[in-house]
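The block underneath contains the structure these notes are about, expressed in structure tokens.
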Amino acid sequence: MSACLAMLDARIRVLLQYRTVAVAGIATQIFFGFVRVMTFTAFYRSSAAAHPMTHEQVISYIWLGQAFLLLAMFGVDNEISEMIRSGTVVYELTRPASVFWLWYSRCVAARIAPAAMRAIPQVLLGWAFLGLQFPASVLALLMFCLALTGSVALAAAISLLFTLSLLRTISGEGISRMGPALVFLLSGIVVPLPLFPQRIQPILNALPFRGLMDVPFRLYLGQMTWQEGVLALAQQWGWIVGLLLLGRWLLALGVRRLVVQGG
Amino acid sequence: METLSLYLCYLGISVRSQMQYRVSFVIRTLAHFVICGIEFLGLAVLFQRFGQIDGWSLAEVGLFYGMISMAFAIAEAVARGFDIMGRLIRSGDFDRLLLRPRGTAFQVLAQELQLLRVGRFAQALLVLLWSVQALGLAWTSSRIALLLLAIVGGACLFSGLFVLQGTLCFWTIESLEIVNCATYGGVGAGQFPLTIYRPWFRHIFTFLIPVATINYFPAHAILGRVDSLGSTLLVQWLSPFAGFVFLMASLRVWRIGVRRYTSTGN
């Protein structure tokens, strides 16, 4: 446990070094936010029908999405994949701590540090200039914060799964490339999930990916009652536990058939 | 002529090195195809919900999407060599290019041909073919000619942007994420008719980074729609040449960058 916390702490410190990158990233994300806001504005003025979300809610949803973008963007952990490729993964396996939890700590750090560095300034800018609404109520804000905590844990679990898929080099390469694009769409960041067709809503609600963006954002906007919110949070944590168990099993399987290359 | 054969020789080396990992190459190309398809799925969901955008249907927007994505795929395949300029400069390897009896832009360009971009190209082509089919447009020779002109012009425009991105490294040493606003931003913005955006934004992508000239204007001629901005047919036919001009201008800027290059190596 303490080893994992130390890893978490160290990685967050390393990642907080990249401040210029964060500033450039914020500017880029705000630019793309503008493009998306203008696109949705055009869609809303083109259609007189009533939609599950108002135009103002969608704008807030978009800016929250840009602010917390890094929680839904997945790549593989470059250092771990390099270890797997070069064979130095062996050293990791010899450490006197569970390699699974060490790697999970790395993934959590990789989500917290850059997301916090980019999210806080963007939310402030959003409130001040960009038309981001304030949370619907104090309860909404509280639920939003709870859901974000789960979102970080969930995002880290998903990213660890993508990295672990590399233990099966060939099929893993396909999964770790295509998977993130699919998760991106299903998290609600491309199109807010309530705007998807009615008949696929049950599928979206059952999948874990709405826990990344859609659940926290709808809680923020007050689009869920607190009973719905509690259920959504329970589901979010259920998925976190489930995915972590899957990850442990995949790692155990991977280690059993691991052939270390190099000498 | 000799330059061309040298270029082909460079490309042959790049292709052969990519083919060393054949299965990996196939998987990555397929993945690229699927990723772009998922992106289009998002667009389809929006049209399912809203029906149209400022009077444009999904099929019409599909033409805009297909044209700009094909152009971008070509540029990514051919000119992504400029992407690694930061690395070339940091390691001091750029010095080696200066010693060889060929232009630096040529050598950076020739060092890589990213074959996996076939994935995006194929996906964009499918969308374009579907769009033409759905709109019932006939494949007349003038339509095909303008389409090719616009795509090649677009490939030049995006290549020019990659050259500028590489040139920037002479000053910044690092590649900057913010440049993505021009490249990916241009592709993203050009997927829709630019009139849906606010005027200031439209002006940036018409005059500064002339995405409109290889997409918005020619697409009107291809669709046979009257431009609400009032461009004439002549403008719509001539505008793709702005892409070539942009590339030429970018190469000029490149030369300025090379002149102020100071080596970081030892």
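One line per residue, one yes/no per condition, for (1) modelled with pLDDT of 95 or more; (2) farther than 18 Å from A:Cys107 by Cβ:
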position: A:Ile170; (1), (2): no, yes
position: A:Leu185; (1), (2): no, yes
position: A:Ile189; (1), (2): no, yes
position: A:Gly229; (1), (2): no, yes
position: A:Gly238; (1), (2): yes, yes
position: A:Gly242; (1), (2): yes, no
position: A:Leu253; (1), (2): no, yes
position: A:Gln261; (1), (2): no, yes
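Each row is one residue, and each column tells you yes or no for (1) under 25 Å from B:Leu88 (Cβ atoms); (2) open to solvent by 10 Å² or more (accessible area, probe 1.4 Å); (3) among the small types (Gly, Ala, Ser).
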| position | (1), (2), (3) |
| --- | --- |
| B:Trp171 | yes, yes, no |
| B:Ile196 | no, no, no |
| B:His203 | no, yes, no |
| B:Arg225 | no, yes, no |
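Restricting attention to segment A:36-51, the residues that are facing another protein chain (nearest Cβ under 7 Å), in a helix (DSSP H, G or I) and among the polar types (S, T, N, Q) total 1.
Among the residues making up segment B:162-186, a single one is among the hydrophobic types (A, V, I, L, M, F, W, C), assigned to a loop (DSSP other than H, G, I, E, B) and at the interface with another protein chain (Cβ under 10 Å from one of its Cβ atoms): B:Leu176. The set of residues in segment A:106-134 being more than 21 Å from A:Ala72 (Cα to Cα), at pLDDT 90 or above and either polar (S, T, N, Q) or not in a helix (DSSP H, G or I) (or both) consists of A:Gln133, A:Phe134.
Residues in segment B:3-54 that are more than 10 Å from chain A (Cβ to nearest Cβ) and β-branched (Val, Ile, Thr): B:Thr3, B:Ile13, B:Val15, B:Thr29.
Condition (residue is within 16 Å of B:Val152 (Cβ to Cβ) and of a type outside the set (Val, Ile, Thr)) applied to segment B:84-92: is it met by at least one residue?
no
Which condition does A:Ser81 not pass, out of (1) modelled with pLDDT of 90 or more; (2) more than 23 Å from B:Gly186 (Cα to Cα); (3) within 14 Å of chain B (Cβ to nearest Cβ), if it passes all the others? Result: A:Ser81 passes all but (1). Out of all the residues in segment A:140-171, which are under 17 Å from A:Phe100 (Cβ atoms), in a helix (DSSP H, G or I) and within 14 Å of another protein chain (Cβ to nearest Cβ)? Passing the criteria: A:Phe162, A:Ser165, A:Leu166.
Put simply, of A:Leu231, A:Leu219, A:Leu185 the only residue that is within 11 Å of another protein chain (Cβ to nearest Cβ), out of contact with any Asp or Glu (no Cβ under 6 Å at 6 or more places or on another chain) and either in a helix (DSSP H, G or I) or surrounded by 14 or more Cβ atoms within 10 Å (Cβ to Cβ) (or both) is A:Leu185. Being open to solvent by less than 10 Å² (accessible area, probe 1.4 Å), in contact (Cβ under 8 Å) with a residue 60 or more places away in the chain and either over 15 Å from the mean Cα position of the chain (by Cα) or more than 14 Å from every other protein chain (Cβ to nearest Cβ) (or both) is a property that does not hold for A:Ser137.
Residues of segment B:79-104 that are under 22 Å from B:Thr3 (Cβ atoms) and crowded, with 20+ Cβ neighbours inside 10 Å: B:Ala79, B:Gly81, B:Phe82, B:Met85, B:Leu88, B:Phe94. Restricting attention to segment B:205-223, the residues being open to solvent by less than 10 Å² (accessible area, probe 1.4 Å) and either hydrophobic (A, V, I, L, M, F, W, C) or facing chain A (nearest Cβ under 10 Å) (or both) number 6. Can you pull out every residue in segment B:1-18 that is open to solvent by less than 50 Å² (accessible area, probe 1.4 Å) and among the aliphatic types (A, V, I, L, M)? Once the filter is applied, which keeps residues that are open to solvent by less than 50 Å² (accessible area, probe 1.4 Å) and among the aliphatic types (A, V, I, L, M), segment B:1-18 yields B:Leu11, B:Val15. A single entry from A:Met73, A:Met83, A:Met7 fulfils the requirement of being touching an Asp or Glu at 6+ places or on another chain (Cβ under 7 Å), open to solvent by 20 Å² or more (accessible area, probe 1.4 Å) and closer than 30 Å to B:Glu174 by Cβ: A:Met83.
Screening segment A:35-65 for residues that are in contact (Cβ under 8 Å) with a residue 60 or more places away in the chain and among the polar types (S, T, N, Q) and picking the one that is most open to solvent (accessible area, probe 1.4 Å) gives A:Gln57. Scoring A:Ile240 on the criteria (1) within 14 Å of chain B (Cβ to nearest Cβ); (2) farther than 15 Å from A:Ile62 by Cα leaves a single failure, condition (1).
Residue pairs whose Cβ atoms lie under 7 Å apart, sitting 6 or more positions apart in sequence or on different chains, and linking a residue in segment B:189-214 that is within 15 Å of B:Leu63 (Cα to Cα) to a partner that is open to solvent by 10 Å² or more (accessible area, probe 1.4 Å) and of a type in the set (D, E, K, R), are B:Leu194/B:Arg202. In segment B:36-64, of all residues being in contact (Cβ under 8 Å) with a residue 24 or more places away in the chain and closer than 21 Å to B:Gln114 by Cα, the one that is farthest from the chain's Cα centre (by Cα) corresponds to B:Gly37.
The values are calculated or read from the model by the stated rules, or taken from the named source; none is laboratory data. Quick caveat: nothing in here was measured; it's all calculated off a predicted structure. All Cβ positions, glycine included, derive from the backbone under ideal geometry; neighbour counts span all protein chains shown. All accessible areas refer to the heavy atoms of the entire protein, side chains included, with ligands and DNA or RNA removed. Shrake-Rupley method; radii C 1.70, N 1.55, O 1.52, S 1.80 Å.
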